[in-house]
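Notes follow the structure.
Bear in mind these aren't lab numbers, they're just calculated from the coordinates by the rules spelled out. All figures in this text were calculated on a predicted structure; none of them were measured in a lab. Here the Cβ positions follow ideal geometry from the backbone for every residue, glycine too, while neighbour counts run over all protein chains shown.
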Amino acid sequence: MDNKIKNYLGIAIVVAIFVFAAGYLSYVGTYSKSIQPSSYRSFSVSGEGKITVIPDIAQFTFSIITEGGKDIVSLQKDNTDKTNKAIDFLKAQGIEAKDIKTTNYNLEPRYKTYDCRYYSPLSSVNPSPCPPAEIVGYTITQTALVKIRDFVKIGDVLSGVVSNGANSVSSLTFTIDDPTAIENNARNEAISQARTKADQVAQAGGFTVGRLISIEEGYQPYYYGLGAESAKFDSAAPSAAPVIEPGSQEVTVNVTLRYEIQ
């Protein structure tokens with residue numbers, strides 16, 4: 001009788017161990033799948049949303065570059081007067097103060113250097129040490145970023161700012177002032193395309209699309225620039241206004257969706 005009881009207890013213990021082990025393995029498997037689905041249980045699809053828009057902002061930079069001697073105070077006044085004249089012209093064209101932003105103010109010395117080949121204690125021409133570089137003057141550069149919202153005025157503004165003191169105009173670009181709504185539309189189109197592709201892949205593969213695991217998103221640049229060289233002017237250039245056309249641009253959003261396979 002005691003042997004039978006012992007046998008029953010042994011069988012019960014073995015069964016309990018198996019049940020516990022099976023339950024534990026099932027729990028571990030479910031948990032691991034929930035936090036990091038393995039590659040054989042998931043698949044990914046991509047989609048692209050593309051919206052064509054007309055830019056509503058043109059922006060460029062202009063600089064006032066002033067060179068002079070060692071009198072920094074006079075040099076600063078000269079540079080400031082020219083900059084203020086250019087800014088007053090821009091405001092007279094209807095450009096608001098919020099669309100004119102100083103981005104750089106730089107004061108740097110200019111040096112005179114000597115060719116040390118002609119200076120040496122052993123030289124018969126100049127038997128002396130090579131003189132150190134010396135400051136002979138300074139250069140002040142003040143740069144501002146300007147936004148133009150009325151495209152009809154672009155050509156006149158570009159040529160006019162040169163006539164009013166700017167000796168460098170560059171980096172003309174066209175962009176969208178607030179791209180949020182356009183990006184949202186492109187994103188919705190990309191996600192819709194990816195979802196449709198996921199259903200097609202699942203149907204072809206003979207499985208069911210499960211829950212969405214992750215979304216990855218990327219943008220492509222949507223600004224358009226003429227480049228520094230093609231939009232560069234010189235104060236000595238003719239004041240005729242150039243013809244500038246903004247054209248159209250594409251806002252593109254790419255998404256990658258990863259789904260669980262069921």
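Checked against a 24 Å cut-off, the cross-linked pairs Lys85/Lys153; Lys50/Lys153; Lys77/Lys153 give Cα-Cα distances beyond that limit for Lys50/Lys153; Lys77/Lys153.
Shape index of the range 58-176: Rg/Rh, with Rg the Cα radius of gyration and Rh the Kirkwood radius from the inverse mean 1/r over Cα pairs, equals 1.24. Full extension of the chain segment joining Thr113 with Ser46 gains 18.1 nm, where the gain is 0.36 nm per residue of separation less the Cα-Cα distance. Approximating the spin labels as points 7 Å out from Cα along Cα→Cβ, the Asp78-to-Lys147 distance works out to 3.4 nm.
Other residues with beta-carbon under 13 Å from the beta-carbon of Asp99 carry, at +1 per Lys or Arg and -1 per Asp or Glu, a net charge of +2.
Each Lys and Arg contributes +1 and each Asp and Glu -1, all at the Cβ; summed about the Cα centre of the range 58-176, the dipole is approximately 160 debye. In this calculation the C-beta distance from Ser163 to Val136 is compared with R0 = 25 Å, giving a FRET efficiency of 0.25. Among Arg187, Arg149, Arg211, Arg195, the ranking by other beta carbons within 10 Å of each residue's beta carbon, starting with the fewest, stands as Arg211, Arg149, Arg195, Arg187. Counted by Cβ distance under 12 Å from Tyr259, the other residues give a net charge of +3, where Lys and Arg count +1 and Asp and Glu count -1.
With K and R counted +1 and D and E -1, the other residues having a Cβ less than 13 Å from that of Asn84 yield a net charge of +1. Run the reach check for Lys91 against aspartates and glutamates, Cα to Cα strictly under 16 Å, same-chain hits fewer than 8 apart removed. What comes back? Within the straight-line limit of under 16 Å, Lys91 reaches these aspartates and glutamates: Asp81, Asp99, Asp150, Asp156.
Projecting the Cα atoms of Ala58, Leu158, Ile87 onto the charge dipole of the range 58-176, computed from C-beta unit charges around the Cα centre, puts Ala58 farthest toward the positive end.
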